[in-house]
Each structure stands twice: as C-alpha cells, then as structure tokens.
1. Just the residues that are part of a helix (DSSP H, G or I), surrounded by fewer than 19 Cβ atoms within 10 Å (Cβ to Cβ) and either in contact with a strand residue (DSSP E or B) (Cβ under 6 Å, 6 or more places away or on another chain) or not hydroxyl-bearing (S, T, Y) (or both), please, taken from segment 49-65.
2. Quick one: what pairs do we get from segment 66-85, first residue crowded, with 17+ Cβ neighbours inside 10 Å, second at pLDDT 90 or above and not in a helix (DSSP H, G or I), C-beta under 8 Å, 6+ apart or different chains?
3. Identify all residues within segment 288-306 that are without any contact (Cβ under 8 Å) to a residue 24 or more places away in the chain and either within 16 Å of S89 (Cα to Cα) or touching a strand residue (DSSP E or B) at 6+ places or on another chain (Cβ under 7 Å) (or both); write none if there are none.
4. List pairs: first residue in segment 32-52 and in contact (Cβ under 8 Å) with a residue 12 or more places away in the chain, second residue of a type in the set (K, R) anywhere in the structure, Cβ distance under 9 angstrom, at least six positions apart or on different chains.
5. Picking from W78, W66, which residue would you name as being touching a helix residue (DSSP H, G or I) at 6+ places or on another chain (Cβ under 6 Å), at pLDDT below 90, among the hydrophobic types (A, V, I, L, M, F, W, C) and under 24 Å from L149 (Cβ atoms)?
6. Restricting attention to segment 264-314, and to residues there that are outside any helix (DSSP H, G or I) and either modelled with pLDDT of 95 or more or of a type in the set (D, E, K, R) (or both), which single residue is surrounded by the most Cβ atoms within 10 Å (Cβ to Cβ)?
7. Give the number of residues within segment 241-261 that are under 17 Å from S90 (Cα atoms) and either surrounded by fewer than 14 Cβ atoms within 10 Å (Cβ to Cβ) or among the β-branched types (V, I, T) (or both).
8. What is the residue count in segment 109-140 for residues that are charged (D, E, K, R) and not in a helix (DSSP H, G or I)?
Amino acid sequence: MKPSSSSVNGFYSLLAHGLDDLERCFSAQQFMSLQFLQRAMALLRSLHSHLTHLVHKLHLPCGDKWLDEYMDESSRLWEASLVLKLGLSSMESYCAAASSIISSLDNWLLSPSPHLTRQVMRAMSSSRREAAGLEEENRVLVENRVRPLALQLNERVLSLESKLHGFNGFRGVLYAMRNVSSFILIILLWGSVSYWSDPSSGYRCTPVESTHFYGSGFMVSLGRLQQRLLGAMEGMDDRTGILMHELRQWRAATEELWEEMERAGGLMNCCVLDGVAGRPNWERVERLKDSFRLLTCGTENLVNQLDDLFDEIAEGRKKLLDLCSHR
C-alpha cells in the first residue's frame, strides 16, 4: 500500500517508496530508457505535489521563513526544468529533421532506384550533422545553466538535526526533497540533455542506525538507487552526450546502415533479401522505423509530463502564497 503524505514521517516513507519503485523500474528496463525517464519524471511530479499538500496539514505560520525556503526550492526545480525543456525541444527538432530518413526510405521501398538511394544518403548525412550539433549545444547548455544549480546530494545537512526539525519538521522535508529531486533531475538531464561527471558520485548514504535523522530511511533507498545507476554507468563504453537508450539505439542503427551503404556502394547493394541485390530488406527497414517511432513517441510523452510539471509548480506556488495571504 502506498504510504500517506499527510505527515512529515509519512512524506519520508513516500520518498522511500517512490525511490524503491524507481529502482525496480531501473532493473526491469534498458539503462536510461524513455520508460525509465518517464517514471523518474512522474516521481518528481508526485513528490512536488505531495510536498505542497503537506504544508496545508502542518498549519505553518503565515509569512514565516518556511515560505521563502519553499519558494527557493521550487525556483531551483523550475530552473532545472527549463534546461530540460530546452534539451527536449532540441530533441524534438532533431527528430523532425531525422524523419526525412524514414520518408526517404519509404519512397525507396516503393520504387528502389539510384536516385532515391542518394536521397536516403543525403538525409542520413544531414541527420548525423544534426546529432553532432545537438550534443554540442546541450553540452554548452549544461555548462552554463545546470552547473550553477549545484544539483548534488548533500550529506552534510543530515547532521544538523536541530535545523531539520524546524517549522514542525518541514525544513527537514525540504532538505529531503532537495536531495531526492537533485538526483532525479540528474537522471533526467543525463538521459535527455547531456551527461556530465556527477560531483556527488563519491557519495555514500549514512546507515539508518548511525544517524538521528528520522528521515534517513529514504536515504538508504536513495543511496541504493544511486549505486545501481553509477554501476551501470561504469559498464558503458561511451558516456558522452545524451544517454537516452532509444536515441542511442536509433543512431547506432542509422550508423550501421550508413557504413554498410558505404561499403556496398549504396542502398541498392547493401539491402539484400534472399541474396538478391537491390531488393528491399523490409525487416531491416521496419526495425529502423520502429526504433524511430519509440524515440519520437517517448520524447513527446516526456515533454507532455514536463509541461504538466511546470503547471503544477506554478499552481503550488500560487496556493501557498494565497494561503499565507488568507485569500
């Protein structure tokens, strides 16, 4: 049963439950798959919504410093989400440009010819340039917009028990939310925008029995998921650029076709069915199209979730301001 978030301890339990669910999804899916990224986004949205709901249950004093701290945290979430939005918008533009490969292949399947082969090769060449440009733009975006946000796990604050109990425990909830949301945002940015070396990669969670922080149970779940993620990262040959599984799968498939075309002297010779040169290999082309459909549909779903998060952040801020204004 999903824990309630109507109390501080309930919120910590909700954090642990959500992180454990995300770890199970991580185990069941391809590394950095769009399905995993969508689950991470859904968890981020859920936690933000429950955080806002919790304020109403704690009966915090109007206009106190807790509101400033909440606004600071929601602003940081907004800024990181803006970077995600820019990265995903670039991804959508890339997908729109890459769709010319699919349309060119469809034309070639209907009537294979040297002229249509050249169209396919031009479309693939253009897509390769678009992908290189996308990853360079996103690398600069991370340098300029993400690093200043300091998205890292902060173990130091866990020892400041007196501070964490402030505002009926709400300050501790904010610290917990900052740690968890930072990690989820790192996942989303690595998967959708660009990988960078995580400054908190040496982090180890504090065991429950060695800390007085009553929310430390969620830190165990967070630490376990982080170690799973970093372990998967260590097994990757290439950790540069966007780590999204479907994007890498699509690019690998197009690169494989490109190399075969160059070796064979064009699509007419490399797409062979039943040993007959020039006959379309329907299965190969359909696999390529399926890969592209997964990429475009998954990216679109992630964008829709992100737009919903923007609406929820704005609505949450307004609700709490109205609450403090007695409106």
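The values are calculated or read from the model by the stated rules, or taken from the named source; none is laboratory data. Everything quoted here is computed from the prediction, not taken from an experiment. Cβ sites come from the backbone with ideal geometry, for glycine too, and all protein chains shown count toward neighbours.
1. If the condition is that a residue be part of a helix (DSSP H, G or I), surrounded by fewer than 19 Cβ atoms within 10 Å (Cβ to Cβ) and either in contact with a strand residue (DSSP E or B) (Cβ under 6 Å, 6 or more places away or on another chain) or not hydroxyl-bearing (S, T, Y) (or both), then H53, H56, K57, L58, K65 are the ones that fit.
2. V83/V193; L84/V193
3. Here is the first cut: in segment 288-306, the residues without any contact (Cβ under 8 Å) to a residue 24 or more places away in the chain are 290, 293, 297, 304.
Passing the criteria: C297, N304.
4. Matching pairs, first to second residue: M32/R248; T52/R317; T52/K319.
5. Numbers: W78 fails: at pLDDT below 90.
Among W78, W66, only W66 is touching a helix residue (DSSP H, G or I) at 6+ places or on another chain (Cβ under 6 Å), at pLDDT below 90, among the hydrophobic types (A, V, I, L, M, F, W, C) and under 24 Å from L149 (Cβ atoms).
6. As a first pass, look at segment 264-314 and keep what is outside any helix (DSSP H, G or I): 265-266, 271-281.
From what's left, either modelled with pLDDT of 95 or more or of a type in the set (D, E, K, R) (or both): 274, 279.
Numbers: D274: 6, R279: 13.
Filtering segment 264-314 for residues that are outside any helix (DSSP H, G or I) and either modelled with pLDDT of 95 or more or of a type in the set (D, E, K, R) (or both), the one surrounded by the most Cβ atoms within 10 Å (Cβ to Cβ) comes out as R279.
7. 1
8. Here is the first cut: in segment 109-140, the ones charged (D, E, K, R) are 118, 122, 128-130, 135-137, 139.
Remaining after also requiring not in a helix (DSSP H, G or I): none.
Qualifying residue count for the region: 0.
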